[in-house]
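J.: Handing you a structure now.
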Amino acid sequence: MARHGGRGWYGRVIAAAVGVTAMAAVTSVWTAQADGSGSGAGAGASASPSAPASAPARVAVDIAHASDGGPRGVNITIDDGPDPVWTPQVLDVLRENGVKATFCMVGTQAQAHPDLVKAVVAAGHRLCDHTVSHDTSMDAKSQAYQSQQILDAERMITEASGGVRPLYYRAPGGAFTPYSRNLAASRGMRPLGWNVDTKDFERPGAAAIVAHVKSEVTNGPTILFHDAGGDRSQTVTALREVLPWLKQQGYSFGFPVR
């Protein structure tokens, strides 16, 4: 998601992540499925993460924006969850419209709500690593810190999903670095950008969110929404209007390229 300041919710996420990290300093165990879908186990985020012995295949390091849905394909991406109130409602709207999306999950949220992670996977959507604590300044932090944020979130999400790995990595606020992109790619997670920031996090009203998508979808196929971090009722309402409108305009729905 785009950079924003003054978010109390993220302060609470960071505090939770610190507690998780302390727990994981005692125990951090990684496993991986031989077929590459992978599974992780552990008590939470660790200060010195280590990769599973069997790593997934490396993917491209450049930031993906394109869609695999064809020349008029669009990618619906949902950031910051899962959230017990809003994620189920977003899943309902996607199901009603026959749309698959990519969910960029915060590690602590995934760890807290594994049932929702599994529901996302069961519905045919894809997972994306959005770090442990959603630190939008991580591009100014050490490589060790970036590694901890990315790898521990990967483990948390994989464990919560029951063994399904995230296929993408989206840096909070777009705070990518060459190091973080290379690390994610080496773990089979394609760095993921966006073309249309709906600004739904600012809660401008559902009509404004819809208008933003309609005016900017020609900028590129990857559209950014949120399912956590506060009241996301405007996002749910906007999705109910935007998804049918995109279909009416001849757009199809796909996933970001890998």
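J.: Restricting to region 131-148, name every residue that is surrounded by 24 or more Cβ atoms within 10 Å (Cβ to Cβ), in contact with a Gly (Cβ under 8 Å, 6 or more places away or on another chain) and at negative phi.
T.: If the condition is that a residue be surrounded by 24 or more Cβ atoms within 10 Å (Cβ to Cβ), in contact with a Gly (Cβ under 8 Å, 6 or more places away or on another chain) and at negative phi, then 132, 133 are the ones that fit.
J.: So how many residues does region 203-258 have that are part of a loop (DSSP other than H, G, I, E, B), of a type outside the set (Asp, Glu) and either out of contact with any Phe, Trp or Tyr (no Cβ under 7 Å at 6 or more places or on another chain) or without any contact (Cβ under 8 Å) to a residue 40 or more places away in the chain (or both)?
T.: 11
J.: Assess whether residue 154 counts as being surrounded by fewer than 24 Cβ atoms within 10 Å (Cβ to Cβ) and acidic (Asp, Glu).
T.: no
J.: Follow-up. Identify all residues within region 68-108 that are within 28 Å of residue 186 (Cβ to Cβ) and more than 16 Å from the chain's Cα centre (by Cα); write none if there are none.
T.: 68, 69, 73
J.: Could you please find all residues in region 207-227 being buried (at least 17 other Cβ atoms within 10 Å of the Cβ) and farther than 29 Å from residue 133 by Cβ?
T.: 210, 217
J.: A further question follows. In the list 149, 109, which residue meets the criterion of being within 27 Å of residue 93 (Cα to Cα), at pLDDT 95 or above and in contact with an Asp or Glu (Cβ under 9 Å, 6 or more places away or on another chain)?
T.: Of the residues listed, the single one that is within 27 Å of residue 93 (Cα to Cα), at pLDDT 95 or above and in contact with an Asp or Glu (Cβ under 9 Å, 6 or more places away or on another chain) is 109.
J.: Turning to a different aspect of this structure: Does region 180-200 include one or more residues that are more than 22 Å from residue 82 (Cα to Cα), among the basic types (Lys, Arg) and either at pLDDT below 95 or surrounded by fewer than 19 Cβ atoms within 10 Å (Cβ to Cβ) (or both)?
T.: Within region 180-200, not a single residue is more than 22 Å from residue 82 (Cα to Cα), among the basic types (Lys, Arg) and either at pLDDT below 95 or surrounded by fewer than 19 Cβ atoms within 10 Å (Cβ to Cβ) (or both).
J.: Tell me which of these residue 173 doesn't satisfy, since it passes every other one: (1) crowded, with 22+ Cβ neighbours inside 10 Å; (2) within 22 Å of residue 101 (Cα to Cα).
T.: Going through (1) crowded, with 22+ Cβ neighbours inside 10 Å; (2) within 22 Å of residue 101 (Cα to Cα) one by one, residue 173 breaks only (1).
J.: Okay, moving on. Quick one: which of 233, 215, 161 is over 24 Å from residue 98 (Cβ atoms) and not acidic (Asp, Glu)?
T.: 215
J.: Here is a further query. Suppose the filter is surrounded by fewer than 21 Cβ atoms within 10 Å (Cβ to Cβ) and either modelled with pLDDT under 95 or over 27 Å from residue 66 (Cβ atoms) (or both); does residue 230 pass it?
T.: When the stated conditions are applied, residue 230 passes them.
The values are calculated or read from the model by the stated rules, or taken from the named source; none is laboratory data. All values reported here derive from a predicted model rather than from experimental measurement. Cβ sites come from the backbone with ideal geometry, for glycine too, and all protein chains shown count toward neighbours.
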